[in-house]
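Each remark here refers to the structure printed beneath this line.
The numbers here are math on the coordinates, done by the rules we state, and not lab data. Just so it is clear, the structure is predicted and the values come from calculations on it, not from any experiment. As a convention, Cβ positions derive from the backbone with ideal geometry for all residues, glycine included, and neighbour counts pool all protein chains shown.
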Amino acid sequence: MSTGLTIIFTGNGKGKTTAALGLALRAAGHGKKIAIIQFIKERADTGEALALAALGDRIELHVTGSGFSWAQRDHTAFKQVAQEGWRLAQAKMASRAYDLIILDELTYLIHFGLVPEAEVLAAIAAKPPHLHLVITGRHAGPGLIAAADLVTEMREIKHPYRRGITAQPGIEF
């Protein structure tokens, strides 16, 4: 039996979700059962969604976001969707049916007060011993970092957006 790790990919640089998806691909290659829950993204036609569909039932993708805009004044609908996604994540973690669960952009829910950090920390503490848990997103707080076994910070050094190059299929989505 493996020792389930809690892994965080955080920071302002690109690559957090990409790193997590790389772990999902690696785990699927070893016959592991994976669930990915995307809390912010709302599109089901991203490159990762299309590719994961081809892997069959080894990797489940749940796109639970509503495309939250930081400029929105009314966060009520976003908060409701975020909390529904969090409840789904808790159920998947408690089910003991998965070897790897990726909680993509969960840190935003904590940072903006949509899901209490204490709830997330309790879920991490209660996860099955074999379960690897990956959390992505900017603003990983000290409590979350302390609870993790591995934390990698993605730091932006140079980005094409700064030269006016917009998001491209296969790279950003």
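Below are the figures for this structure:
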read-out: Förster radius 30 Å - calculated FRET efficiency between Arg162 and Phe112, Cβ distance, rounded to 0.05; value: 0.75
read-out: Whole-Hz ³J(HN,Hα) from phi, Karplus 6.51 cos²θ - 1.76 cosθ + 1.60, for region 3-15, glycine and proline x; value: 9, x, 9, 9, 10, 10, 10, 9, x, 8, x, 6, x
read-out: 5 angstrom amide H check on Ile8, placed H, neighbours 5+ away; value: Ile135, Leu150, Val151, Thr152
read-out: Amide H partners (placed H, <5 Å) of His132, local residues excluded; value: Leu5, Leu100, Ile101
read-out: J(HN,Hα) series, region 37-46, from Karplus relation 6.51 cos²θ - 1.76 cosθ + 1.60, nearest Hz, glycine and proline x; value: 10, 9, 8, 9, 4, 10, 8, 9, 10, 6
read-out: Backbone HN-Hα couplings from phi across region 112-125 [Karplus 6.51/-1.76/1.60, Hz, Gly and Pro as x]; value: 8, x, 7, 9, x, 4, 4, 5, 5, 4, 5, 5, 5, 5
read-out: Given (1) 23, 20, 17; (2) 26, 17, 16; (3) 28, 20, 14, the label whose value is semi-axes √(5λ) of the Cα gyration tensor in Å derived from this model; value: (1)
read-out: Mean ellipticity per residue at 222 nm, deg cm²/dmol - from DSSP H runs of n ≥ 4 across the chain, formula -39500 (n - 2.57); value: -10500 deg cm²/dmol
read-out: Region 27-47 and region 102-173: distance between their alpha carbon centers, rounded to Å; value: 14 Å
read-out: Close Lys-Lys pairs in the chain, where close means Cα under 29 Å and separation is 8 or more or interchain; value: 28
